[in-house]
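Comments concern the structure below.
Computed from the coordinates by the stated procedures, all read-outs in this text should not be read as laboratory data. A quick note: this is a predicted structure, and the numbers were derived from the prediction, not measured. Glycine gets a Cβ as well: all are built from the backbone with ideal geometry, and neighbour counts include every protein chain shown.
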Amino acid sequence: MPSTIAQTPPPTCRIGINGFGRIGRNVFRASLLRSDVVVVAINHTCDSIEDLIYLIRFDSTHGTLAKLLGSDAQLDPLPNGNLIVNGSEIILHSQRDLYKLDWAASGVDYVAECTGKFKTIDLASIHTTHGKARKVLISAPSPDAPTFVFKVNSHEYDLHRNLSVFSCASCTTNCLAPIAKVIDDNFGIAQGFMTTVHASTQSQHVLDGYSKKNKRAGRSVMGNIIPTTTGAAQAIKIVLPQLKGKLSGTSIRVPVANVSMVDLTINTDTVTSLDEILRALRHASETYLSGVLCV
């Protein structure tokens, strides 16, 4: 017989996005594919709502919104200056002063801090102290906020539950950490060196120009392989403290718009073989790292 007990719907995570660049827009797109996460407010710097809609509809790298949701997806401006997406209203802000952002008034519980500028606890916590959001997740490495990589050390969140600002590290750290965890747990890592072959980012020049960082960083990303630095090997010690001082690395930026890779070379504490390593990785991908690691 069918159950007569009413099913409780999953709790909805109500998000506000601060910064609507590449990461902010991808967070928004990802939310449209889920029923338990809803974006209720966006703080952007576009000159008009029409410009904002254009950025949402079209993406040279990730495709059109119609391809993601179907050609009948609703995306329209409202007379009050907000946005309606498939029947849900999204409150729009265009505020550069964080002290003037009232997230709570927009119904926001959690802020995705995607500007790349407010990466410290002091700066990101403005969203909670003045904006009255409950918590903030920084979409970049932070020098002082607790940092989590999903299923690698995210189980430690309860130890920091009373805090309000967190970081989800960098894309490179999210790539490196699961592999490093499996190998270290099973065989021990004595030392290692990583090279990340990284897609171009917004900070790079389309044409040769001046860079305050260094001369190489000013070269055109269109036709160069550009050596640079990466903090991922050092950041791994925050996620996996037992690897402190054991990993180092470098990065090269290459002329592609999407997809990066990590080349990791290690010395293990115990003698092992390729077959043993692959078995450990496959086991992890099917169990405790399912959905994160694929072999």
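Between the listed residues Tyr110, Ser88, Leu137, the Cα displaced farthest toward the positive end of the dipole of segment 80-139, a dipole computed from Cβ unit charges relative to the Cα centre, is found at Leu137. The residues neighbouring Ala257, those whose beta-carbon lies less than 11 Å from its own, together hold a net charge of 0 under the Lys/Arg +1, Asp/Glu -1 convention.
Taking only C-alpha pairs under 8 Å that are 6+ residues apart, what is the relative contact order of the chain in percent? Each step should come with its number before you reach the end.
Details: 523 pairs, mean separation 41.3, N = 295.
14 percent.
Positive contributions from Lys and Arg (+1) and negative ones from Asp and Glu (-1), summed over other residues with Cβ under 14 Å from the Cβ of Gly209, come out at +4. For Ser167, the amide hydrogen comes within under 5 Å of the amide hydrogens of Ile138, Thr147, Phe148, counting only partners 5 or more places away or on other chains and with H modelled in the peptide plane.
Between Leu123, Leu83, Leu176, the residue with the greatest mean-square fluctuation in the GNM of the chain (Cα pairs under 10 Å linked by springs) is Leu123.
The spacing between segment 223-243 and segment 148-192, judged by their C-alpha centroids, is 13 Å.
Within the shell defined by Cβ-Cβ distances under 14 Å, the residues around Asp36 carry a net charge of +1, with Lys and Arg each +1 and Asp and Glu each -1. Across segment 30-43, rounded Karplus estimates of 3J(HN,Hα) from the backbone phi angles (6.51 cos²θ - 1.76 cosθ + 1.60, θ = phi - 60°) give 4, 5, 5, 9, 10, 9, 9, 10, 9, 8, 10, 7, 9, 9 Hz, Gly and Pro being marked x.
So if the hydrodynamic radius of the chain is defined as the Kirkwood radius over C-alpha pairs, what does Stokes-Einstein give as its diffusion coefficient at 25 °C and 0.890 mPa s, in µm² per second? For these conditions, the coefficient is 115 µm²/s.
For the residues Asn174, Asn267, Asn153, a GNM of the chain with alpha-carbon springs under 10 Å puts the largest fluctuation on Asn267. Each residue of segment 225-232 is assigned a 3J(HN,Hα), and the resulting list reads 9, 10, x, 8, 9, 9, x, 5 Hz, derived from the Karplus form 6.51 cos²θ - 1.76 cosθ + 1.60 (θ = phi - 60°), x at Gly and Pro.
Ranking Phe187, Val165, Leu123 by how far each Cα lies toward the positive end of the dipole of the chain (charges on Cβ) leaves Leu123 at the top. Under a model in which nothing but the beta-carbon of Lys, Arg (+1) and Asp, Glu (-1) is charged, the chain shows a dipole of about 660 debye around its Cα centre. Tilt of helix 274-286 relative to the longest C-alpha principal axis of the chain, in degrees (0 to 90, nearest 10)? Computed tilt is about 20 degrees.
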